[in-house]
Each structure stands twice: as C-alpha cells, then as structure tokens.
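What follows is a single structure, written as structure tokens, with notes after it.
The values are calculated or read from the model by the stated rules, or taken from the named source; none is laboratory data. It should be emphasised that the depicted structure is a prediction, and the values quoted were computed from it without experimental measurement. Here the Cβ is made from the backbone with ideal geometry for all residues, glycine too, and neighbour counts use every protein chain on show.
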C-alpha cells in the first residue's frame, strides 16, 4: 500500500526519519501512511519545557496543494491553541504553500510554543489571561505541562 | 589600488553587469550575480561579492557567495571550498579576481540542477521540464502549473463568496511558493489561465525530448518497507507515552466536545495513486 502513495509523501517520510528534527518525532500510522503520530517536546525556554505533547497530523488528498491538518492531542494551555487542540497558525491556513513540508509545519508549531501570540488568539480566555496577567498565565501553562504532558 | 583597478577594469569588460563601489579610496566592492552558461532561461546562479583592499594582491580579497539558485546545498558548500582553496593556494600573490569569477561560472555550468529537487513534488528537478520564477526559484513546470491552477481556483472562490463591494478588493496576487515574492505584476486572472494552458502545452513537448534521458534512481518499495519497519519501534514508544497521558487525563476528549463544535480530522484510508510523471 505504502508504495502507491504519492512519492512526495514517501520521500518526506523517509527524510523525517533519516534526519529528524531535534525535539520532534513524526511517524506514519501503520494502517494509514497519511496519518502521522507526532510528538513535540516543549522548548526549554518556554513554560512547556519538560512536556511531551502528542499531536496528530493528517495529509489530505490534495496535499501538498492543501495544508496538512494538525491538532494537539495532549492538553495545553496556550493562547493560540484551543481546548480541542486546534492550532491558530497562518501557514496552516491562508499562508500555506506547497513548498512547505511536514517538517517545516512542525518546526513552526514548535516555535509557536516558544513564542505564544495572545494578539492573535484562538483560545480567547487563555489569551485574555496571557495579556492581563502573564505571570499567572505562564504559571498555569507550567502546571498543565506538569499534570498532563509528562512522558 | 592600481593592480586591483586594472584587474577590475578587465573583469568588467569580460563580465556584464558587475557592480563596482569604492566606499573609500583604498577599498573596492564588487558584486555580480553569476549564472551558468548553459540553458539561459533556467540557468543556476549565485551572487558573488568581493571586497578588495589596498595591498591586493598581497592581501587576498574577501569573497562572499550567497543566494544559491539551481544548485544543491552540498554543491554550494563545495563551491565555497573551491574559492577558499584558490585564495589559500595563491602563495605567489597573483591577481585572482577574474579567476574566482570564472571558477564560479564554470562550477555552476557543471553542476546546475545536480541533486536538486523540485520544491513542490520533491522529486529530482532533472526528471521533467522546469521553470524558474523571477526570484530564481526552480520547479517542474507541471508542478508550477498545478500550483497556479489551485491559486486561481481559490481566488475565484473567494471572489464568488465576497460581498459585492469587496469583490474588487480580493487579493489575487500570486506569490512564489518558495519565498512568497509576488509573481503577479501586470497579470490578471484571465492572463494566468492563458499562461497556464500555454505552459502545459510547452511542457508536454519538452517532456517528450526528456523521456530518453536517464532518470535518477527513485525511491524503491524496499526502501519504504525498511523505513516503515524502523518506525514501528518508535511508534510503540510513543504509544506508551500516550497511554500514560491518557490515564492522567491529559488527552483532549474530542467526543465530549463534538456536539458543541463541529471539528474532526478526516482520517480516511490512504488514497491510492499510481504516478509515473512527477505531478505530485
């Protein structure tokens, strides 16, 4: 089955394994090579440090002309990620380009963990907290990381 | 600066478009985008910048090469090493400005598109006719056509769905898939359509002549099987972590929230595609 996938997907998958991104692991599902199990380690300089976040990534049929669909599965307290794990990131929507790859998407998500952007919120309550009381927001994010995102 | 100025003059007579600056009387900055000599419309290029100071050629020039286009990363590093070697080995302090420019040009001509992949389908550039954008990014013509078609469909959809007074304002700018540089300028949607048709026609013609060329070995089924095997181990490791987080209530329960919002990730079975040509 895997051999009949578009070669781009095979090639990307192989590169992800041969040359993995530090702190990111992405594996195709055994029964569906378009569905990836992803794990992103919380960046050291963020309130998510020490956390291990599971995500799911799916390559739609139109990929790479359409963006992959990505969602956090592990709970995370972040202004740009809502409680269903949906991510507010321009390259996953109107700024998608077929020259982007699974690798670049995951790197962007990793960067989003290091740099939360409450000005462009998805989880409005979290963003509000982040703007009015950043110290408290960071504390909550750390707590969530500790309770929910341990390896 | 006599030795340098003499050589720069010679250089400018050989190479067209050399940009020369003299920030101080004892310093010259040269800049040129060097292209490979082959196939003018899709030639590889690098930007060479050179700072020549008083005392040249005893004091070697400082050379920076940047903006590699149409050559692979390993090749670009190799070119860098070659230039360094020319400078290092010039122990008898001979004039080397012209030699460096020539080396870049020769190297590009020999190595253009070697080991380069199309940025859209990630297959070897040499496997199918290519185009180059105004910002010097390379991709297969067919891949680029497909990209244009998708952009076009999206613009049309956006215009269709826009409020009447907003229809004119829909952004129909086509950007380079690699660097987002605008590729539109005077184009209108109608023009794109004509361009795409023309490009497809030309590509098909070129494709015929390319068919006879040897193709680079592509990914084999065996490669894929090996890769998948190694993954299974990693998957088992991740599955353990997932179970542990689930036990502690760390996993988002979509089902619980599904009634309130409609969101789910489609996870249909893989679509079977049989492809011979590198059209993603």
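Quick look at the numbers
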read-out: Out of B:83, B:131, sole residue that is surrounded by 15 or more Cβ atoms within 10 Å (Cβ to Cβ) and under 27 Å from residue B:20 (Cα atoms); value: B:83
read-out: Looking only at region B:243-256, and only at residues there that are over 15 Å from residue A:147 (Cβ atoms) and more than 7 Å from chain A (Cβ to nearest Cβ), the one that is modelled with the highest pLDDT; value: B:243
read-out: One residue from B:51, B:59 being surrounded by 15 or more Cβ atoms within 10 Å (Cβ to Cβ) and outside the structural domain of residue B:139 (by TED's automatic domain parsing); value: B:51
read-out: Checklist (1) at pLDDT below 90; (2) within 25 Å of residue B:141 (Cβ to Cβ) applied to residue B:46, failing item; value: (1)
read-out: Which listed residue, of B:105, B:119, is within 14 Å of another protein chain (Cβ to nearest Cβ) and within 22 Å of the chain's Cα centre (by Cα); value: B:119
read-out: Of all residues in region A:7-40 being touching a residue at least 40 places away in the same chain (Cβ under 8 Å) and out of contact with any strand residue (DSSP E or B) (no Cβ under 6 Å at 6 or more places or on another chain), the one that is surrounded by the most Cβ atoms within 10 Å (Cβ to Cβ); value: A:8
read-out: Any hit, region B:81-95, residues being more than 24 Å from residue B:26 (Cβ to Cβ), over 21 Å from the mean Cα position of the chain (by Cα), assigned to a loop (DSSP other than H, G, I, E, B) and without any contact (Cβ under 8 Å) to a residue 60 or more places away in the chain; value: yes
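Results for (1) modelled with pLDDT of 85 or more; (2) outside any helix (DSSP H, G or I); (3) assigned by TED's automatic domain parsing to the domain that holds residue B:44, shown as yes or no for each residue.
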residue: B:139; (1), (2), (3): yes, yes, no
residue: B:154; (1), (2), (3): yes, no, no
residue: B:184; (1), (2), (3): no, yes, no
residue: B:216; (1), (2), (3): no, yes, no
residue: B:222; (1), (2), (3): no, no, no
residue: B:237; (1), (2), (3): no, no, no
residue: B:241; (1), (2), (3): yes, no, no
